[in-house]
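So the structure is just underneath, and the comments pick up after that.
The values are calculated or read from the model by the stated rules, or taken from the named source; none is laboratory data. Note that the coordinates shown come from a computational prediction; the quantities given were computed from them, not determined experimentally. We place every Cβ from the backbone using ideal geometry, glycine too, and count neighbours over all the protein chains shown.
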Amino acid sequence: MNSIPMFLKNAKRDPTYIITSTPRSPPFHFFSFSFSFAAIKHQADVDAFFYSTHNLIMMSKVILILGAGPNVGASVAHAFASKGYKVALASRSQKESDNTPSQIHIPTDASNPDAVVAAFSKTKSLLANPSVVVYNVGALTENPPEDPLSLNLEESDFEKDLVINTTSAFVAGQQAVLAFKSLPSSSSKTFIYTGNNLNETIIPGLMDLGAGKSATAHIIRTAAAAYQDEGFKFYYADERTADGGPAWSNINGEAHGKLYVELAEVKEQGPWQQTFVKGVGYVKFPVDGAS
């Protein structure tokens with residue numbers, strides 16, 4: 001109940017508070033509709049308004065995390081739960097038997113785009129449509145640094161990795177847009193893809209991963225520009241060291257959680273590429289190889 005605006009709490013105690021302490025002209029705006037408080041005259045009306053409004057607030061605070069691992073995924077889940085969000089965790093290791101009223105677990109293999117669609121459906125049926133979606137799945141097959149095009153499609157996981165890194169992320173974006181369109185205007189409507197700096201630089205042995213990250217970065221950039229007038233936000237998150245290098249094995253889950261909450265709470269679309277540093281936040285670095 002701590003998330004309920006104070007004026008609603010006061011209204012619950014004293015119906016006349018609404019009439020005497022809120023603007024009558026124009027009517028007070030809440031979510032995507034207008035409501036004239038002068039119409040509320042009886043305690044029963046206050047009860048109905050109070051609880052329906054609270055339900056709308058809570059229904060719009062759901063996060064779906066695809067790729068709910070022990071570092072970034074777990075930290076992001078904790079950060080949003082502390083803000084009153086209900087959490088849907090989706091990954092191959094999840095067990096539905098661990099479900100609680102505020103957190104559900106959805107077994108999901110991101111190498112199958114249909115499984116991503118199913119995760120959204122499960123989230124909607126058990127919680128509500130998510131207002132925040134985090135795609136935190138990644139896959140790679142190393143290649144010989146001196147001969148990156150030697151990967152044999154029949155013997156490597158190149159195509160499977162591309163599905164995980166890009167195709168399923170694209171499907172998640174599609175599903176997120178459908179979910180966002182059903183939510184009240186006050187909802188966050190934020191999609192965040194956990195990336196790295198391979199959309200800007202080359203690491204000879206990681207062509208496979210770089211191809212997927214680069215493709216998805218383009219998708220995120222395009223979506224951020226296309227949907228901003230609808231209030232939908234899209235971000236490509238990339239943790240760096242203080243000098244702008246990749247965080248790699250030193251990726252900090254807590255820093256991701258902090259940034260992702262901040263991105264969700266800001267109403268306007270910010271820079272689509274969120275390069276950030278632990279303890280600092282967003283930092284704009286020069287593009288690798290650019291003058």
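The set of residues from the stretch 115-147 being assigned to a helix (DSSP H, G or I) and of a type outside the set (A, V, I, L, M) comprises 120, 121, 122, 123, 124, 125. Applying the condition of being out of contact with any Ser or Thr (no Cβ under 8 Å at 6 or more places or on another chain) and hydrophobic (A, V, I, L, M, F, W, C) to the stretch 237-254 and asking which residue is nearest to residue 69 (Cα to Cα) yields 251.
Among the listed residues 129, 143, identify the single one that is farther than 19 Å from residue 66 by Cα and touching a residue at least 12 places away in the same chain (Cβ under 8 Å). Walk me through how you get there before you give the answer.
Values: 129 fails: farther than 19 Å from residue 66 by Cα.
Just a single option satisfies the conditions, and that option is 143.
Check every one of the helices (runs of 4 or more DSSP H) wholly within the stretch 159-269 and list those with 2 or more residues that are acidic (Asp, Glu) and touching a residue at least 24 places away in the same chain (Cβ under 8 Å). Break it down into steps so the answer makes sense when it comes.
Details: elements: 168-181, 207-227, 253-265.
Filter on the stretch 159-269 gives 253-265.
Residues considered: 192, 203, 219, 251. Of these, the only one that is touching a strand residue (DSSP E or B) at 6+ places or on another chain (Cβ under 6 Å), surrounded by fewer than 19 Cβ atoms within 10 Å (Cβ to Cβ) and aliphatic (A, V, I, L, M) is 251.
Give 230, 239, 254 a once-over and let me know the one that is more than 15 Å from residue 76 (Cβ to Cβ) and touching a helix residue (DSSP H, G or I) at 6+ places or on another chain (Cβ under 9 Å). Steps first, please.
Working: 239 fails: more than 15 Å from residue 76 (Cβ to Cβ); 254 fails: more than 15 Å from residue 76 (Cβ to Cβ).
Checking each option against the conditions leaves just 230.
Do we have residue 154 as surrounded by fewer than 19 Cβ atoms within 10 Å (Cβ to Cβ), out of contact with any Pro (no Cβ under 7 Å at 6 or more places or on another chain) and not β-branched (Val, Ile, Thr) here? Show your work before the answer.
Numbers: surrounded by fewer than 19 Cβ atoms within 10 Å (Cβ to Cβ): yes; out of contact with any Pro (no Cβ under 7 Å at 6 or more places or on another chain): yes; not β-branched (Val, Ile, Thr): yes.
Yes, satisfied.
For (1) more than 16 Å from residue 227 (Cα to Cα); (2) under 12 Å from the mean Cα position of the chain (by Cα); (3) of a type outside the set (A, V, I, L, M), each residue gets a yes or a no:
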residue: 159; (1), (2), (3): yes, no, yes
residue: 163; (1), (2), (3): yes, no, no
residue: 167; (1), (2), (3): yes, no, yes
residue: 173; (1), (2), (3): no, yes, yes
residue: 180; (1), (2), (3): no, yes, yes
residue: 185; (1), (2), (3): no, no, yes
residue: 192; (1), (2), (3): no, yes, no
residue: 200; (1), (2), (3): yes, no, yes
residue: 204; (1), (2), (3): yes, no, yes
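On the given criteria, is residue 290 hydrophobic (A, V, I, L, M, F, W, C), farther than 18 Å from residue 80 by Cα and either modelled with pLDDT of 95 or more or not in a helix (DSSP H, G or I) (or both)? Yes; evaluated as a whole, the condition is true for this residue.
Could you tell me whether any residue of the stretch 148-157 is closer than 24 Å to residue 256 by Cβ, assigned to a loop (DSSP other than H, G, I, E, B) and in the same structural domain as residue 74 (by TED's automatic domain parsing)? No, the stretch 148-157 contains no residue that is closer than 24 Å to residue 256 by Cβ, assigned to a loop (DSSP other than H, G, I, E, B) and in the same structural domain as residue 74 (by TED's automatic domain parsing).
Residue by residue, here is whether (1) in contact (Cβ under 8 Å) with a residue 12 or more places away in the chain; (2) over 13 Å from the mean Cα position of the chain (by Cα); (3) more than 14 Å from residue 134 (Cα to Cα) holds:
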{"position": "73", "(1), (2), (3)": "yes, no, no"}
{"position": "76", "(1), (2), (3)": "yes, no, no"}
{"position": "80", "(1), (2), (3)": "yes, no, no"}
{"position": "86", "(1), (2), (3)": "yes, no, no"}
{"position": "89", "(1), (2), (3)": "yes, no, no"}
{"position": "96", "(1), (2), (3)": "no, yes, yes"}
{"position": "99", "(1), (2), (3)": "yes, yes, yes"}
{"position": "103", "(1), (2), (3)": "yes, yes, yes"}
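Among the residues of the stretch 154-186, how many are under 19 Å from residue 272 (Cα atoms) and of a type in the set (Gly, Ala, Ser)? Residues flagged as under 19 Å from residue 272 (Cα atoms) and of a type in the set (Gly, Ala, Ser) within the stretch 154-186 amount to 4. Scanning the stretch 151-171 for residues that are modelled with pLDDT of 90 or more, farther than 15 Å from residue 210 by Cα and not polar (S, T, N, Q) gives 170, 171.
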